[in-house]
Number of protein chains: 2
Amino acid sequence: MPNQITLLIKKYQDIINRGLEEIPIPGFPNSLYEPLVYSLHTQGKRIRPILTLMVGEGFGVPIEKLLPAALALETLHTYTLVHDDIMDNDDLRRGRPTVHKKWDVNTAILSGDAINTLAFRLLMDTDSPNLQRMGKLFTEGMLEICEGQALDMEFEHRIDVTVEEYMTMVTKKTAVLLALSCKIGGLIADCDENTLMALENFAIKTGQAFQIQDDLLEILSDEEAMGKSLGSDFAAGKKTYPMLLALSGMNKKEQKEFLTFLKNNSNIIKIRERFLKSGSIDKAGRTVNELITESKENLKGCPSQVRDSLLALLEFLQKRKS
Amino acid sequence: MPNQITLLIKKYQDIINRGLEEIPIPGFPNSLYEPLVYSLHTQGKRIRPILTLMVGEGFGVPIEKLLPAALALETLHTYTLVHDDIMDNDDLRRGRPTVHKKWDVNTAILSGDAINTLAFRLLMDTDSPNLQRMGKLFTEGMLEICEGQALDMEFEHRIDVTVEEYMTMVTKKTAVLLALSCKIGGLIADCDENTLMALENFAIKTGQAFQIQDDLLEILSDEEAMGKSLGSDFAAGKKTYPMLLALSGMNKKEQKEFLTFLKNNSNIIKIRERFLKSGSIDKAGRTVNELITESKENLKGCPSQVRDSLLALLEFLQKRKS
């Protein structure tokens, strides 16, 4: 039976999904807009726009005033997925073929560009005296996301990535967009600077925590729940938090042996055993808990309606299995 | 010896090139920002930002108030070139290797995304009560450019493209950005709706004229002046105005023979002869002149300073050989 948190999240998801469906999309040319609609009308968790709505609504702004910006954030996220999937050569996204697999690379580049443009267009539909600042923040966040993806690609070809470098990368690639989602909600609500800073810090720590949790799921979850094959990322040189943590506790010889093992094994059961033995799974789990505690700290000064809904979202995220 | 028009254009180009060099670019990560700088600091004609500056300055706005938006338009143009070059698999751009050739496709996708973001960022640096409207126009223009590129790619695989369809494509792919450049200048100057409309129509006709002139240069110019090899586009199925015009005057059998000829000949001298014989070169030249006349008509109601500089730019463009 669904509990209150699930119902709350579902309420927001329905609003966002309806909003996404109601965005006016020109039909012509079909080769541009069919993949755009395919990407936008999916079954995502909608975490980013939910953050915007929760923050804005918590500070008393009506949903309809927040919705265009909230949709802009989901749309921005969608565009990064379409382009990242090309760069990472991923075949599946949420259990369906990626755009460049279903169509081709050119179609994915161009429809990604159109989705990106649509994101900015939606943001510009927001009526707020803070629009210029929101526009600047939005683009600064977008640039950081590009930086994060660039670092992620660089790291694939390096074997000496540190845990700190990894945290910089995931902060840019994932956490910054959550922070942007919260701050845009806060700016529409005309929050003061201290509140905006607290919201940003909350979101950054949350993003870091859930990226590490994602990395853990890649090792501990089963393939069916994740909707994709596991293990192959390690062979491709993809860095994850537990992996870098394990490496950091080894000498050169052990590191070499561990990397060779990952390169030659795509069996997730064997990989899981090795990780558990290294102790990095436990340690990463503790880091997740610490980050979530820090994340919550930032909400102390927020009105209870904002705090309660953000904490509920945090709990929802902690329970997810994929 | 340079004449007055050349000096005027040079003045604006210098302002724009200096402006582009002074955009603060983060250095890290290098894999993202090196190709971004490579693409932005080139020797372009800077037609789009010149339009913004000419219009705005002509209506009495100081250059420094116009510059961020002008740079946004050049940056937007640059991003479309980086991504189009991937899609069209072009090796050279302004005599230098394209980003995806000098680096790789992933680098070109991602740095193109960052350049796109930078364009929005620069636009948001504009202080104007019309900023929201400018933001909406900007994104609407960008979407049309994507539509134009989608049509261009579709047309490569079709043999029944009409002259009208071709004009729709080039209007979206090229002319719309010129119109946007003029209108943004006009909006910063707080022009009335009639003036904005006149500027838009001027730019659309200009864009159409110069796209057809480009197509003619592809046939009539020499390879050195163009900085690229000619003739190969025809073999690849690329549609041009003179080509569609020639086809429209032929019966089915003649069309088939002509297309087979283009497919099997990449010798530009032979191609040129066939085009001259078909009469489509003369006819396309007449269309260019008609469009330029229509274009000029729209400037009648503009203040003389705006009209004079835009007419000078038009003359400059008409004289170009590449």
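Residues are listed down the side, and each one gets a yes or a no for (1) in contact (Cβ under 8 Å) with a residue 12 or more places away in the chain; (2) under 22 Å from B:ILE184 (Cβ atoms); (3) touching a Cys at 6+ places or on another chain (Cβ under 8 Å):
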| residue | (1), (2), (3) |
| --- | --- |
| B:ASN17 | yes, yes, no |
| B:PRO24 | no, yes, no |
| B:LEU32 | yes, no, yes |
| B:LEU40 | yes, yes, no |
| B:ARG48 | yes, yes, no |
| B:LEU53 | yes, yes, no |
| B:GLY60 | yes, yes, no |
| B:LEU67 | yes, yes, no |
| B:ALA72 | yes, yes, no |
Of (1) closer than 21 Å to B:ALA72 by Cα; (2) surrounded by fewer than 24 Cβ atoms within 10 Å (Cβ to Cβ); (3) touching a helix residue (DSSP H, G or I) at 6+ places or on another chain (Cβ under 8 Å); (4) not basic (Lys, Arg), B:ASP152 satisfies all except one. Which? (1)
For residues that are at pLDDT below 95 and of a type in the set (D, E, K, R), tally how many sit in region B:86-126. 6
Out of all the residues in region B:222-239, which are at pLDDT 75 or above, surrounded by 17 or more Cβ atoms within 10 Å (Cβ to Cβ) and either part of a helix (DSSP H, G or I) or small (Gly, Ala, Ser) (or both)? B:PHE234
When B:GLY95 is run through (1) farther than 27 Å from A:ARG121 by Cβ; (2) without any contact (Cβ under 8 Å) to a residue 24 or more places away in the chain, the failure sits at (2)
Subset of region A:298-319 [farther than 14 Å from A:ALA209 by Cα and exposed (fewer than 13 other Cβ atoms within 10 Å of the Cβ)]: A:LYS300, A:GLY301, A:PRO303, A:SER304
2 or more residues touching a Ser or Thr at 6+ places or on another chain (Cβ under 9 Å) and within 22 Å of B:LYS205 (Cα to Cα): qualifying helices (runs of 4 or more DSSP H) within region B:246-322: B:280-297, B:304-319
Residues (acidic (Asp, Glu) and either facing chain A (nearest Cβ under 8 Å) or touching a Leu at 6+ places or on another chain (Cβ under 6 Å) (or both)) located in region B:145-154: B:GLU147, B:GLU154
Do we find a residue being aromatic (Phe, Trp, Tyr), crowded, with 21+ Cβ neighbours inside 10 Å, within 17 Å of the chain's Cα centre (by Cα) and under 21 Å from B:ALA179 (Cα atoms) anywhere in region B:109-127? no
Residues (more than 18 Å from A:GLY148 (Cα to Cα), surrounded by fewer than 22 Cβ atoms within 10 Å (Cβ to Cβ) and not hydrophobic (A, V, I, L, M, F, W, C)) located in region A:160-200: A:ASP190, A:ASP192, A:GLU193, A:ASN194, A:THR195
For region B:44-86, give me the residue count where each residue is touching a Phe, Trp or Tyr at 6+ places or on another chain (Cβ under 6 Å) and hydroxyl-bearing (Ser, Thr, Tyr). 0
Residue among A:TYR38, A:TYR33 that is away from chain B (no Cβ under 14 Å) and on the phi < 0 side of the Ramachandran plot: A:TYR38
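Here is a yes/no grid of residues against (1) within 9 Å of chain B (Cβ to nearest Cβ); (2) assigned to a helix (DSSP H, G or I); (3) of a type in the set (A, V, I, L, M):
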residue: A:GLN132; (1), (2), (3): yes, yes, no
residue: A:THR139; (1), (2), (3): yes, yes, no
residue: A:LEU143; (1), (2), (3): yes, yes, yes
residue: A:VAL161; (1), (2), (3): no, no, yes
residue: A:LYS173; (1), (2), (3): no, yes, no
residue: A:VAL176; (1), (2), (3): no, yes, yes
residue: A:CYS182; (1), (2), (3): no, yes, no
residue: A:GLY186; (1), (2), (3): no, yes, no
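Taking the options B:LEU131, B:LEU20, name whichever one is within 19 Å of the chain's Cα centre (by Cα) and surrounded by 17 or more Cβ atoms within 10 Å (Cβ to Cβ).
Answer to the check: B:LEU20.
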Answer from A:LEU81, A:LEU51, A:LEU76 - the residue that is in contact with a strand residue (DSSP E or B) (Cβ under 8 Å, 6 or more places away or on another chain), part of a helix (DSSP H, G or I) and not basic (Lys, Arg): A:LEU81
Filter result for A:LEU32 (touching a helix residue (DSSP H, G or I) at 6+ places or on another chain (Cβ under 7 Å), modelled with pLDDT of 95 or more and more than 30 Å from B:GLU156 (Cα to Cα)): no
For the structure I just gave you, tell me whether B:GLU165 is more than 14 Å from every other protein chain (Cβ to nearest Cβ), free of Cβ contacts under 8 Å to residues at least 24 places away in the same chain, over 24 Å from A:ALA119 (Cα atoms) and not small (Gly, Ala, Ser). no
Here are the criteria: (1) away from every other protein chain (no Cβ under 14 Å); (2) closer than 26 Å to A:GLU147 by Cβ. Tell me which single one B:TRP103 does not satisfy. (1)
When residues of region A:134-149 are filtered for being among the β-branched types (Val, Ile, Thr) and surrounded by fewer than 21 Cβ atoms within 10 Å (Cβ to Cβ), how many remain? 0
Give the residue, chosen from B:ASP127, B:ASP90, that is among the charged types (D, E, K, R), at the interface with another protein chain (Cβ under 9 Å from one of its Cβ atoms) and assigned to a loop (DSSP other than H, G, I, E, B). B:ASP127
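The values are calculated or read from the model by the stated rules, or taken from the named source; none is laboratory data. What you see is a predicted model, and the numbers here were worked out from it, not measured in a lab. Glycine also receives a Cβ, built like all others from the backbone with ideal geometry; neighbour counts cover every protein chain displayed.
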